[in-house]
Structures are given as C-alpha cells and as structure tokens.
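For reference, the structure discussed in these notes is given below.
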Amino acid sequence: MNSIGPNKQQYSSAINNKIGSLPLLPSVVSQLLVLSPDDDDFLDQVYHLARQDPTFSIRLVQYAAKTCKSSQMAEKFSLKHAIARLGSRQIASIVASLSLMDSFEPRNQSDRNLWVHSVQVAVIAKKLVEVMPDLHLESEIIYLGALLHDIGRFFIFQAVPEGPSRIDENRWSTPAALLDAEMKTCGIDHVRVGADACVHWEIPKAITDIVANHHNYNLPTDALDERLLRLRVDIIQIADFYSVYLMNQPVMVPDEIEQEEGYEEKQIEILATELAEVILSTGSVLPEKYRSIIPRTLIVQRKNILVETGKILDALGLQE
C-alpha cells in the first residue's frame, strides 16, 4: 500500500482544521485594512481605531520604536508619534505583518526562510510599482498581496511539521512543480489554502484575488478588472521569482567584485534573460517598455531590497 495515501488525507484534514481554528482578525485590524491611505484623515482614523485595542497600540508603538535610530527618541514614542513615523503607506502592511506573527511565529529555519521570502517579495513588488507609475497600480494592495501570497505555505508548515522536507522529496524546481508536490504530499496546495485563509480572515477581495491567483498563468484579460488583476499578479510573480533568485545568491557580493568594470551590466543581462523566460511562461501583460526596465531596477536595487527586508524582519523580531 502507498504510505503517502493515508498521510495525505490526515495532512489535508490538519490543514483545514488549522484554517477553521484560526482566530478572526481583531476588529480593529479588519477595519484598518479597508481604510484608504489617500483619505485626508487617514492617520486620524488609524489613531482612533488603534486606541480601541490597547494591545495592538502597544505593538504598533514597539514596531515604530524599533525603526528609530535614537533609543532616547524611541523611549518617548506615543501612539500618535508611532503612527506619524510609520506613515499612511506603511500602516496596512505593518498591521498585516503583526497579525501574521500572532499565528505564525517561526519555529524552525524553514519557517524563518518563509518569512524572509514573504517580506522580500513585498519589498520587491513595491520597488517594481514605483518604476511603473503610469500603470496606476495601488502600492498598498500590491504590497499586501505580495506579503500574503504564500500564506497557504505558512498553514502547511504549521499543520504538517515535516511538510517542507516531505514536499521537497518530490524535487520541485518550478511553481507548478511545487503545487504538484504539495498535492502529492498534503492533498491540497498552498494557493487553495491561502485563498481559503484570506476568506476566513475577511481580507479585502482585491488582496484575496492576488493570493488566489499568484500561480495562475491563464488569467483572462478581456475586461478592465481582469486586466488589472493580471497586472497585479504579474508584479507578484516577478517579485516571487527574484526573491528566490536572491535567496539562492550570496547575501552580499564583495565590493571588489561589484566594482569590477561591466559587472553590473553583466548581472542585468543575466537577469533579463531569465526574466524574459518567466514573463513568457506566465502570460504577462506588462507593457514591453518595462521588460528592460525591470531587470535593471532589480539589480540596481539589490542591496536596498536586502537592507529594507532586514529592517522589517528586525522590527518584527525575526532577525537571527
């Protein structure tokens, strides 16, 4: 008898039970996620909501204090100071990150690597949106979709402690192969799990749609809303690829190598070739003009991406 069969059913049940037992997001958090950062009184709304949840307020202040270089200034932080320091464009992502921490505090290196990847994809996605302003993509939605894109893997790792090693036994090397490996091992893949979790958590639909489709390469693009989702998913898929690319590279390239004549251009050329394959295989609808801008942006921003990711992980208490 195939030994994986019974385990697959047990794993699937454990994962579904994990979703079912997940506490709903605190009311304050749910309300914050649907606020618009473009509202003139956005920060005031955040302040009044946060005051309703003392525990959340404390954590928001602690997060802001960790991002402050001066320890003396950090000690004087109030809730208003914290919100003003973090700013309207960061609040929603911090709220989501702190909420994730409540349920998925890392227990081992696999968990920690997944956190690094999730934060890194969000940081990369934000950089990509910044260099494509004429597409009018909402950076907050993209950032949150990127941060939560692999939330299903968090559930699998928590519900099936040996999940990473069991899934890796199937020797996956592409997103499609990963989904297949998860199905063979757990009877369910992380995309379905993530989408179900977002619905359970009442995450806004625009973000849930990104999570539910981040490995979908056949999205329709006839209607305006369909094309918008395809563009959002394009960004996540490219950011996902580049995060894996970075995590397989040395953390920091020695300065003497980076300063070699032609080094940066060579790296851009290598990445452009690999990204061209990704874009072709995903059915991307990104305008042609960005297909040369993207690899250059990612290589030039490499150190900034690593540093920004590290700062966020540190503020969340996730740095080793």
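The values are calculated or read from the model by the stated rules, or taken from the named source; none is laboratory data. All values reported here derive from a predicted model rather than from experimental measurement. Using ideal geometry, Cβ is built from the backbone for each residue, glycine included, and neighbour counts are taken over all protein chains shown.
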Scan of the range 151-176 for residues that are at pLDDT 85 or above and more than 18 Å from the chain's Cα centre (by Cα), ordered by number: A176
Every residue from the range 293-320 that is within 16 Å of K127 (Cβ to Cβ) and either loosely packed, with under 13 Cβ neighbours inside 10 Å or of a type in the set (A, V, I, L, M, F, W, C) (or both): I293, I294, L298, I299, V300, K303, N304, I305, L306, V307, I312
Selected residue (only one of L179, L148 is at pLDDT 90 or above and either over 17 Å from L100 (Cα atoms) or in contact with a Ser or Thr (Cβ under 6 Å, 6 or more places away or on another chain) (or both)): L179
Odd one out for E162, checked against (1) charged (D, E, K, R); (2) free of Cβ contacts under 8 Å to residues at least 12 places away in the same chain; (3) closer than 20 Å to L33 by Cα: (3)
Elements of type helices (runs of 4 or more DSSP H) contained in the range 203-289, each with 2 or more residues being modelled with pLDDT of 95 or more: 205-213, 224-247
In the range 266-320, the residues that are under 28 Å from E105 (Cβ atoms) and basic (K, R): K311
All positions within the range 96-106 that are in contact (Cβ under 8 Å) with a residue 24 or more places away in the chain and more than 16 Å from A197 (Cβ to Cβ): L98, P106
Residue within the range 139-148 that is in contact with an Asp or Glu (Cβ under 9 Å, 6 or more places away or on another chain), crowded, with 21+ Cβ neighbours inside 10 Å and among the small types (G, A, S) present: yes
All positions within the range 279-292 that are in contact with a Phe, Trp or Tyr (Cβ under 8 Å, 6 or more places away or on another chain) and surrounded by 19 or more Cβ atoms within 10 Å (Cβ to Cβ): T282
Qualifying position, being surrounded by 15 or more Cβ atoms within 10 Å (Cβ to Cβ), at pLDDT 85 or above and at negative phi, among L43, L32: L43
